[in-house]
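The next block holds one structure in the form of structure tokens; read it before the comments.
The values are calculated or read from the model by the stated rules, or taken from the named source; none is laboratory data. Remember, it's a predicted structure, so these values are computed and weren't measured experimentally. Quick reminder, even Gly has a Cβ in these numbers, built from the backbone with ideal geometry, and neighbours come from all protein chains shown. Accessible surface areas use protein heavy atoms only, side chains included; no ligands, DNA or RNA. Shrake-Rupley method; radii C 1.70, N 1.55, O 1.52, S 1.80 Å.
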Amino acid sequence: MKKIPRHIISALVISFAVVALVVYLGLVFSSQWKEEPIYPGPGVTSIHMLSEWSPELKGTSGDTPVYVLDSGVEGASMLVLGGTHPNEPSGFISAVMLIEWCEPEEGVLYVIPRANNSAFTCTDPLEAAPMNFTIETGNGERWFRFGSRATNPIHQWPDSEIYVHASSGQKLSGSEVRNLNRAYPGREDGTFTEKITYGITELIKDKDISITVDLHEASPEYTTVNAIVAHEDAIGLANITLWMVEEDMSISIEQSPKNLHGLTHRELGDYTDTLALLMETANPSQGRLHGKIDSDLVVYGDDKFY
């Protein structure tokens, strides 16, 4: 049998190694699309998809579950948005806890834990952020996705040099065109991100939702942290909230700027009858002074530089 030349063997070994690496990286990349499990509790009465209010989302990564917790007793309704920015996990975790544990005594609670479902499928470039983090619970360890601030560019591209907000004409950096919280009230025939916000806006209108709460995190050095940002129509509600929690936490109230457009606390208050609030808590993983981003930093804010 003729001996195979060494250079051919070397080439074959390298080829197999490259194929194995490509397969491995492909598996790592595709794992970003796996969603963490959510276990609907006894309060959940139905689950819908956002595409019911924005049909062009159907079958896309922008479609996302809307959990309904209907008490069966007449009362007000509230929508809680988690995952507007999936690299701000406290809002998402809070939404999941409501889905799994809350049992309303009256009225209806709507919860969208993955408001920007697309942004859960990627991380922010150059941030060395993990794809997920873990939390120890009484039932064992649970994992959750750590995503990006913006819609995955494979779902909406390219970014314009300047983002012009459709209804106000406000001009922002081009990458903000993929920021869900700069795209309200949305457009039925708009960008991929605007179709998501359009669906949320239409849900609020269709169900005549009384209160909308958008949950966020920011860097500790940001001026608006541990704060409720409220549309002027919702200032009274924000004050009541502050009085109820002031013994347990330090929190302030900020009124929504009228010249800052595209955000939930401005546009939902202007374009619907809902009382629009945005909650902002501090997390060192959002800052510029932190060390390695890992579960301890994301969950506990444990970082020597902060």
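See the values below:
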{"read-out": "Point-to-point label distance, V19-L242, nm (Cα→Cβ direction, 7 Å offset)", "value": "6.6 nm"}
{"read-out": "Carbon/sulfur fraction of accessible area - the chain, other protein chains in place, 1.4 Å, %", "value": "56 percent"}
{"read-out": "Extended-chain gain in nm, criterion 0.36 nm per residue less alpha-carbon gap, E36 and N226", "value": "65.7 nm"}
{"read-out": "Helix-only CD estimate at 222 nm, as mean residue ellipticity for the chain, using -39500 (n - 2.57) per DSSP H run (n ≥ 4)", "value": "-7500 deg cm²/dmol"}
{"read-out": "Residues of the chain: accessible area per residue with a 1.4 Å probe, Å²", "value": "52 Å²"}
{"read-out": "Phi to ³J(HN,Hα) by Karplus 6.51 cos²θ - 1.76 cosθ + 1.60 over region 224-239, Hz, x for Gly, Pro", "value": "10, 10, 6, 9, 9, 9, 10, 4, 4, 6, 10, 4, x, 5, 4, 5"}
{"read-out": "Local electrostatic count, E280, Cβ distance below 12 Å [Lys/Arg +1, Asp/Glu -1]", "value": "-4"}
{"read-out": "Spacing of the two label points (7 Å from each Cα toward its C-beta) at R187 and E136, in nm", "value": "5.1 nm"}
{"read-out": "Among S252, S175, S31, residue whose mean-square fluctuation peaks in a GNM of the chain (springs only between Cα atoms under 10 Å)", "value": "S31"}
{"read-out": "Anchor K58: lysines whose Cα lies under 24 Å away (excluding residues fewer than 8 positions away in-chain)", "value": "K34, K195, K205, K207"}
{"read-out": "The chain: most fluctuating residue of T123, T191, T151 per GNM, C-alpha cutoff 10 Å", "value": "T191"}
{"read-out": "Accessible surface of V299 - all protein chains present, 1.4 Å probe, nearest 10 Å²", "value": "50 Å²"}
{"read-out": "Simple label model, 7 Å out from Cα along Cβ direction - R6 to W143, nm", "value": "4.3 nm"}
{"read-out": "Region 1-48: chymotrypsin sites (Phe, Trp or Tyr not before Pro) in DSSP loop, at most 16 other beta carbons within 10 Å", "value": "W33"}
{"read-out": "Charge context of L50, other residues only, Cβ under 14 angstrom, K/R +1, D/E -1", "value": "-2"}
{"read-out": "Net +/- balance of residues flanking T121 in space, Cβ distance below 12 Å, scoring K and R +1, D and E -1", "value": "+2"}
{"read-out": "Fluctuation leader among A11, A115, A183 - the chain, Gaussian network, Cα springs under 10 angstrom", "value": "A11"}
